[in-house]
Structures are given as C-alpha cells and as structure tokens.
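Participant: Structure incoming, see below.
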Amino acid sequence: MSNQLKKVRKAVLPVAGLGTRFLPATKAIPKEMLTVVDKPLIQYAVEECIASGIEHVIFVTGRRKSSIEDHFDLAPELEQFLEDRGKANEAKMVREISGGIHFSYTRQSEALGLGHAVLCAAELVGDEPFAVLLGDVIMDGKIPATRTLVDIYEATGKGAIHVEEVPRERLHYYGIIDAKPAKEARWGDRLLRIDDLIEKPSAEKAPSNLGVTGRYVLPPEIFDLLAETKPGAGGEIQLTDGLRALSKGSGLWAYIYEGRTHDAGDKIGFLKATVEIALQNPQFGDEFRSYLRQLKF
C-alpha cells in the first residue's frame with residue numbers, strides 16, 4: 001500500500017519541555033498536567049485525537065513526566081473505590097480518560113527543539129502518516145482540528161497543517177506561511193498550497209499574517225527531512241525547517257482553522273483559556289458568567 005492510501009492512525013504529542021514559563025508551578029508538576037477548568041491541559045489534545053479517529057498516541061516525554069503516563073493508565077483501585085461508594089459516574093469518567101486507544105512513550109533526552117522531538121518518535125510511527133499535536137494549544141471548533149487535517153491527507157496524500165490569522169504585533173512568535181489558494185473545491189478558500197515557511201519573522205519580513213497553530217498531519221518522509229536538518233538558533237532542530245523542505249518537495253497544504261484557538265503556552269494565555277472554557281461549561285458556565293459580571297475592574 002502506498003503512503004498516500006494509508007489511514008492516519010497515529011499521533012505524536014511532544015511533552016518533554018521543562019515548562020519554564022510556568023515556574024514555580026512546574027518545578028515538580030509537568031506543565032501538561034496543569035488543570036484547565038476540570039482536566040489536565042494534555043487531556044484536551046488526547047480527546048481531540050480520539051475524536052479524530054486516532055488509534056495510537058505517542059508521547060515524546062522527558063524526565064519528571066511520569067504523571068502523564070499515570071493519568072492515561074488504568075486505575076482499577078480508584079475505579080473500585082468510587083464504585084463501592086456509589087459514585088458510578090465518577091468511576092465511568094476515570095475509566096474513559098484513555099478513550100480505549102493505545103499509548104506509547106519515548107524519551108527526548110535533550111531539549112533540541114520540536115523537530116528533534118518529532119524525530120524521536122520515528123521508530124514508533126514507522127512508515128505511516130501521522131498527526132502532531134502541541135499539548136499547550138487547545139483547538140475548539142465544531143469539527144476536531146486534527147480530523148480536518150486527516151481528511152485532507154487521506155483525500156490528497158499530502159501533508160497538511162492548520163494556520164490562523166495572527167495580529168501583526170505577534171507575527172514574530174509564530175511560523176508564518178507564504179501560500180496561494182489551492183483551488184480544491186471541497187475545502188474552498190480555506191485550503192492553501194504552501195510555497196514557503198519562515199520561523200518567527202519580523203512583521204516587515206513576514207510573507208503573510210497566517211501563523212502555524214500547532215496541528216499537523218505529515219507523511220513519514222518528514223523523518224528523513226528532519227534527520228537532514230541542521231540545528232538552527234540555540235542548537236535546536238526546527239520542525240518548520242522540515243515543513244519547508246516538505247513544501248518544496250512532495251507538497252504541503254495549509255488550512256485556515258475555522259474554530260477558536262486557545263494558546264495556553266504561557267500564564268496569560270493559560271488564564272484566558274481557563275476563563276473561556278469555563279464559560280462554556282454546561283454545569284457551571286452560567287454561574288461563572290454571573291460571577292464575572294459582578295466583579296469591579
């Protein structure tokens with residue numbers, strides 16, 4: 001079977017970072033396990049994987065990250081404890097955290113960049129297309145973000161990434177694409193063919209205002225491209241450089257995301273994500289909204 005016809009079954013979630021932007025909270029707790037409303041940040045990404053048809057999640061992890069593995073493992077003692085006390089709903093909730101999918105873990109022993117983290121998963125991914133999800137970005141839309149990219153890949157055989165419009169003053173925080181309309185009727189004006197990508201350009205040098213949001217579906221050839229990528233600033237291997245090579249080779253799509261992106265990678269973004277997601281909660285969202293309206297600023 002050719003790579004173009006293979007189903008996207010696997011997802012790579014890089015979680016080896018030290019979370020220094022959240023210190024002191026992350027001195028002993030992985031950033032990915034900080035709670036956004038009522039569940040750990042990383043659970044949102046895993047739930048997106050499950051909703052997108054992913055069967056196997058691969059965590060690229062590091063030291064002091066064992067609580068992530070524990071969170072997605074079975075907990076029969078806790079389930080039994082809850083059942084014995086008549087808390088069947090809570091027991092069911094704990095049981096369904098893993099969603100019935102398979103989890104694997106591999107180590108990134110050195111902090112050598114996102115591209116290197118993805119490369120660490122090469123053996124576990126094998127010769128298959130795969131998704132990449134950044135765990136500190138929550139994508140909130142009617143259709144799961146990764147599901148859209150999976151559909152694009154499985155229809156065209158080419159990699160696809162999500163992008164969104166970025167304010168001019170924040171362009172230097174993102175990978176920015178240079179792209180033109182793909183002219184694929186199924187996806188309309190939102191699907192673009194990438195000509196180039198630039199990592200964190202100044203506003204003056206940015207080719208557009210469309211920034212990469214942290215969701216990717218890629219062919220296995222990206223591993224060879226990353227293996228050939230030379231370290232850039234800070235000695236890191238940038239995923240953007242691999243994507244750039246891919247765009248100039250077999251091709252790469254960009255899809256302008258239709259939902260709401262919550263960048264919870266720093267403290268202020270985390271707080272904004274918590275408030276907005278709390279307001280959507282069916283149990284206490286209305287009460288929380290009423291509380292916020294009473295505050296005096």
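The values are calculated or read from the model by the stated rules, or taken from the named source; none is laboratory data. These numbers come from a predicted model, not from an experiment. Cβ atoms come from the backbone with ideal geometry, glycine included; neighbour counts cover every protein chain shown. Accessible surface is based on the protein model in full, side chains and every heavy atom, while ligands, DNA and RNA are left aside. Shrake-Rupley method; radii C 1.70, N 1.55, O 1.52, S 1.80 Å.
Participant: Taking a 1.4 Å probe, which of SER67, SER109 shows the most accessible area, and what order do the others take after it?
Facilitator: Putting SER67, SER109 in descending order of accessible area: SER109, SER67.
Participant: Would you please classify the overall shape of the stretch 1-144 from the alpha carbon gyration tensor, given that a ≥ b ≥ c denote the square roots of the eigenvalues, rounded means a/c under 1.5, and beyond that prolate means a/b larger than b/c while oblate covers the rest?
Facilitator: It comes out oblate by the Cα gyration axes.
Participant: Given the options PRO282, GLN238, LEU226, identify the residue whose Cα lies farthest towards the positive end of the charge dipole of the stretch 194-297 (+1 on Cβ of Lys, Arg; -1 on Cβ of Asp, Glu).
Facilitator: PRO282
Participant: Hey, another quick one. Could you please tell me the mean projected area of the C-alpha convex hull for the stretch 18-93, averaged over all directions and given in square nanometres to one decimal?
Facilitator: If you wrap the Cα atoms of the stretch 18-93 in a convex hull and average its projections, you get 6.4 nm².
Participant: What's the magnitude of the charge dipole for the chain around its Cα centre, counting Lys and Arg as +1 and Asp and Glu as -1 at the beta-carbon? Answer in Debye, nearest 20.
Facilitator: 580
Participant: Can you give the net charge of the other residues whose Cβ lies under 14 Å from the Cβ of GLY86, counting K and R as +1 and D and E as -1?
Facilitator: -1
Participant: Would you work out which of HIS116, ILE194, PRO76 lies farthest towards the positive end of the dipole of the stretch 58-214? Charges go on Cβ: Lys and Arg +1, Asp and Glu -1.
Facilitator: Checked the options; the winner is ILE194.
Participant: Could you give the length gained on full extension between PHE81 and ARG107, defined as 0.36 nm per residue of separation minus the Cα-Cα distance, in nm?
Facilitator: 6.1 nm
Participant: Got a number for the accessible area of SER66? Probe 1.4 Å, square angstrom, nearest 10.
Facilitator: Using a 1.4 Å probe on the heavy atoms, I get roughly 80 Å².
Participant: Any idea which of ILE54, PRO144, VAL163 is furthest toward the positive side of the dipole for the chain, if Lys and Arg beta-carbons carry +1 and Asp and Glu beta-carbons -1?
Facilitator: Most positive-ward Cα: VAL163.
Participant: Looking only at the chain, where both bridge partners belong to it, what percent of the DSSP beta bridges are antiparallel (to the nearest 5)?
Facilitator: For the chain, the DSSP antiparallel bridge percentage is about 60.
Participant: Divide, for the stretch 91-148, the radius of gyration over alpha carbons by 2.2 N^0.38 Å, where N is the residue count.
Facilitator: Relative to the rule-of-thumb radius for its length, the stretch 91-148 sits at 1.40.
Participant: Which of the three applies to the stretch 194-297, rounded, prolate or oblate, going by the alpha-carbon gyration tensor with a ≥ b ≥ c and a/c under 1.5 meaning rounded?
Facilitator: prolate
Participant: Please report the carbon-and-sulfur percent of the accessible area for the stretch 118-270; probe 1.4 Å, protein heavy atoms only, DNA, RNA and ligands left out.
Facilitator: That fraction is 47 percent.
Participant: Within a Cβ distance under 11 Å of ILE50, other residues only, what is the Lys/Arg minus Asp/Glu net charge?
Facilitator: Result for the neighbourhood of ILE50: -3.
Participant: How large is the accessible surface of LEU78 in square angstrom, using a 1.4 angstrom probe and rounding to the nearest 10?
Facilitator: The accessible area comes out at roughly 80 Å².
Participant: Could you compute the net charge surrounding VAL15? Neighbours are other residues with a C-beta less than 14 Å from the C-beta of VAL15; K and R count +1, D and E count -1.
Facilitator: Result for the neighbourhood of VAL15: +1.
Participant: Quick one: length gained pulling ASP70 to GLU154 fully straight, 0.36 nm per residue minus the C-alpha distance?
Facilitator: Stretched out fully, the ASP70 to GLU154 stretch lengthens by 27.0 nm.
Participant: Suppose all protein chains stay in the model; what accessible area per residue would a 1.4 Å probe give for the stretch 110-222, in Å²?
Facilitator: It amounts to 44 Å² per residue over the stretch 110-222.
Participant: Sort GLU228, GLU110 from largest to smallest accessible area, using a 1.4 Å probe on the heavy atoms of the protein chains.
Facilitator: Solvent-accessible surface, decreasing: GLU228, GLU110.
Participant: Let me ask something else. On a 1.4 Å probe surface of the protein chains, which of GLU276, GLU123 comes out largest in accessible area, and what is the full order?
Facilitator: I get GLU123, GLU276, largest accessible area first.
Participant: If you don't mind, there's one more thing I want to ask. Hey, which of these cross-link pairs are over 24 Å Cα-Cα: LYS142/LYS272; LYS39/LYS267; LYS39/LYS87; LYS27/LYS272; LYS205/LYS267; LYS200/LYS230?
Facilitator: Where the Cα-Cα span goes over 24 Å, the pairs concerned are LYS205/LYS267.
Participant: Pull up the cross-link candidates among the lysines for LYS183, meaning alpha carbon to alpha carbon under 23 Å and not fewer than 8 places away within one chain.
Facilitator: List returned: LYS158, LYS248.
Participant: Using the Cα gyration tensor of the stretch 10-51, with a ≥ b ≥ c the square roots of its eigenvalues, what is the shape: rounded (a/c below 1.5), prolate (a/b larger than b/c) or oblate (neither)?
Facilitator: oblate
Participant: Which value, in Å³ per residue, describes the convex hull spanned by the Cα atoms of the stretch 128-247?
Facilitator: 117
Participant: Using DSSP H assignments, which helices in the chain have an axial alpha-carbon span of 18 Å or above and a mean Kyte-Doolittle hydropathy of -0.5 or higher?
Facilitator: Once both thresholds are applied, what remains is 267-280.
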